[in-house]
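These notes concern the structure reproduced below.
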Amino acid sequence: MPGENVTLTANFTEITGIENIAEGNISIFPNPTGDQFSITANIIIDRITIIDKSGQVVRTTDIKNHEANIAVHDFVPGIYYVRIYSEIKVFTKILVVQ
């Protein structure tokens, strides 16, 4: 109604530790590898995509977990980019396959 006073109240909660969540604390090991590698994170990994040096996607795997083991025994030795998709961000790590 015109001329009526309205009071709004907002409550805010301070969140700490955002830096760790944003970084995901993602580990890939062993690196270099030959047969398989493990990936762990403090966030849920939705999926990973592995890309070779020419930019071709060589593997996509749905994870939906904090960790996974990925077989690479059929990969040609070289450098690969592991793209890690999460709800909050996409991360890229380098993997060396021997």
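The values are calculated or read from the model by the stated rules, or taken from the named source; none is laboratory data. All of these numbers come straight from a predicted model, not from anything done at the bench. Every residue, glycine among them, receives a Cβ derived from its backbone with ideal geometry; neighbour counts consider all protein chains shown.
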- [ ] Tell me which residues, restricted to region 78-92, are at pLDDT 95 or above and either loosely packed, with under 11 Cβ neighbours inside 10 Å or of a type in the set (K, R) (or both).
- [x] R83
TODO: Return the total of residues in region 46-65 being surrounded by fewer than 14 Cβ atoms within 10 Å (Cβ to Cβ) and either of a type outside the set (G, A, S) or within 15 Å of K93 (Cα to Cα) (or both).
DONE: 9
